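Let me begin by presenting the structure, written as structure tokens, before commenting on it.
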Amino acid sequence: MIFVISGLSGSGKSTIAKKLSEKTGIEMVIQYTTRPIRPGEKNGVDYNFITNAKFRSMHMLTKEHFNVATNEVWSYGLPHLNDEKHYITVLPPRSIQLLKNKGKEVVDILIEVNDEKRFERIAQRNDNQCVQEIKRRDKDDKKIFKNYKPAITFVNNYD
């Protein structure tokens, strides 16, 4: 079974997934990405940061590509998993649907947060995201999540 946490940027999904993994002992699966590492992030902890060439050569369970404000394409992918174990990970709705289409047992949990709190959290990250990228991601996230119907919804307006 794969417990998947999803939500708009700044909803706390990565923090919640890490805490769930720590409290339950269920392995946290770290995605691969081609995006630049942000201040404070650690390779192999927050993401597995790899080159575009390496990403293209890897076989993964899910792969997604996002056009960002700098006209770059950032790719994200989930490695193959042992079907005999339980996992926790963070994914967007399209990747969740890909997992379901592949017959994976998925419990998808949406973290909802009001916009004011999300933007406050994004500002506190101090991760050097440009304003255009924050706005682009918010707009795209709202489209991506518009018709998403998770198994569980959790409201996280507090720390």
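What is the gain in length, in nm to one decimal, between residue 24 and residue 72 on full extension, counting 0.36 nm per residue of separation less the C-alpha to C-alpha distance? Walk me through the numbers before you get to the answer.
Values: separation 48, 0.36 × 48 = 17.28 nm, distance 3.71 nm.
Difference between extended and current length: 13.6 nm.
The separation of region 37-76 from region 129-159, counted between C-alpha centres, amounts to 19 Å. Helical content of the chain, expressed as a calculated mean residue ellipticity at 222 nm, amounts to -10000 deg cm²/dmol (DSSP H runs of 4 or more residues, -39,500 (n - 2.57) each, divided by residue number, nearest 500).
Would you please classify the overall shape of region 29-159 from the alpha carbon gyration tensor, given that a ≥ b ≥ c denote the square roots of the eigenvalues, rounded means a/c under 1.5, and beyond that prolate means a/b larger than b/c while oblate covers the rest? Write out the running numbers ahead of the final one.
Numbers: a/c = 1.61, a/b = 1.12, b/c = 1.44.
Oblate shape, in that a/c is at least 1.5 and b/c is the bigger or equal ratio.
Under a Cβ-Cβ cut-off of 13 Å, what is the net charge of the residues other than residue 24 that fall near it, where Lys and Arg count +1 and Asp and Glu count -1? The answer is +2. Each of 12, 144, 119 was scored by the projection of its Cα onto the charge dipole of the chain, and the greatest displacement toward the positive side belongs to 144; charges sit on the C-beta of Lys, Arg, Asp and Glu. A probe of 1.4 angstrom, applied to the heavy atoms of all protein chains, finds residue 47 with accessible area near 50 square angstrom.
Beyond 21 Å between alpha-carbons counts as too far, so tell me which of 13/139; 23/142; 18/42; 13/135 fall in that bin. Intermediate values should be presented prior to the final figure.
Values: 13/139 18 Å; 23/142 30 Å; 18/42 14 Å; 13/135 19 Å.
The pairs that break the limit, which is 21 Å between Cα atoms, are 23/142.
State the extension gain, in nm to one decimal, for the chain segment bounded by residue 139 and residue 105, taking 0.36 nm per residue of separation less the distance between their alpha-carbons. Extra length from residue 139 to residue 105 when fully extended: 9.3 nm.
The values are calculated or read from the model by the stated rules, or taken from the named source; none is laboratory data. Since we're looking at a predicted model, the values are computed, not measured. A quick note on method: Cβ atoms are made from the backbone with ideal geometry, for glycine too, and the neighbour counts reach across all protein chains shown. These area figures cover heavy atoms from the full protein model, side chains too; ligands, DNA and RNA do not enter into them. Shrake-Rupley method; radii C 1.70, N 1.55, O 1.52, S 1.80 Å.
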